[in-house]
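Participant: The structure under discussion is supplied below as structure tokens; questions concerning it will follow.
Every read-out reported here was derived from the displayed coordinates using simple, explicitly stated rules and does not represent laboratory data. A quick note: this is a predicted structure, and the numbers were derived from the prediction, not measured. Using ideal geometry, Cβ is built from the backbone for each residue, glycine included, and neighbour counts are taken over all protein chains shown.
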Amino acid sequence: MLVVDASAFASWAFPDEGGDKVSQALIRVMTEEESATSAAIFPLEALQAAGKALSRGRFTPSAHQHVLRLLSRLPVSLAPTRISPLEYWNWSQSLQLTPSDAAYLKVAVDLKAPLVTMDRALQRACLKMDHPLITDLP
């Protein structure tokens, strides 16, 4: 089981980004060799990133459509948030994360699963908590 965040998806799906470990992890998910889950916000954040890439000229319309097809085919289940907003806020602040980034880490911690991310703040939080992660960040 892996937990995937939107930065990992973008790194894998966007033509001008990428990393070996993250790409390999998501290929295992796509081919169903590995199961994956994510925070409920995952598809919305991935759509937002793809939309920004299109509006900034990083994508052609056909590349954008390809990314949307990848997102729709990626077999990632979505986990609900299981703590109160106040607890969630305090937890995210204690780790110096945005609430949306903390959502991914919370799912990973609850499931005791590695977090697949290209986000530096999440990388630092995982290292601080000694939580396993898959990243191509140095």
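Participant: In sequence order, what are the phi-derived ³J(HN,Hα) couplings for the range 98-106 according to the Karplus relation 6.51 cos²θ - 1.76 cosθ + 1.60 with θ = phi - 60°, rounded to whole Hz, with x for glycine and proline?
Facilitator: Rounded to whole hertz, the list is 5, x, 5, 5, 4, 4, 5, 5, 4.
Participant: Under 5 Å between amide hydrogens, which residues at least 5 positions from Glu34 or on another chain qualify, with H placed 1.01 Å from N in the peptide plane?
Facilitator: When sequence neighbours closer than 5 places are left aside, the close amide H contacts are Val29.
Participant: Residue by residue, what Karplus-based ³J(HN,Hα) values in Hz, rounded to whole numbers, does the range 6-12 have, using 6.51, -1.76 and 1.60 with θ = phi - 60° and x for Gly and Pro?
Facilitator: 5, 5, 5, 4, 4, 4, 7
Participant: Just to confirm the number: angle between the C-alpha axis of helix 85-94 and the first principal axis of the chain, 0 to 90 degrees, nearest 10?
Facilitator: 90 degrees
Participant: Report the full-extension gain for the segment Leu44 to Ser62: residue separation times 0.36 nm, less the Cα-Cα distance, to one decimal in nm.
Facilitator: 4.5 nm
Participant: What is the P(r) of the range 2-134, as percent of Cα-Cα pairs per 5 Å bin from 0?
Facilitator: All Cα pairs considered, the percentages come to 2, 11, 21, 23, 20, 12, 8, 3, 0.
Participant: Considering amide H positions built from the backbone, and no H for Pro or chain starts, which residues 5 or more places from Leu133, or on another chain, come under 5 Å of its amide H?
Facilitator: Leu115
Participant: Tell me the GluC sites (Glu not before Pro) within the range 1-67 that lie in a loop according to DSSP and have at most 11 other beta-carbon atoms within 10 Å.
Facilitator: In loop regions of the range 1-67 (DSSP not H, G, I, E or B), the sparsely surrounded GluC sites (Glu not before Pro) are Glu32, Glu33.
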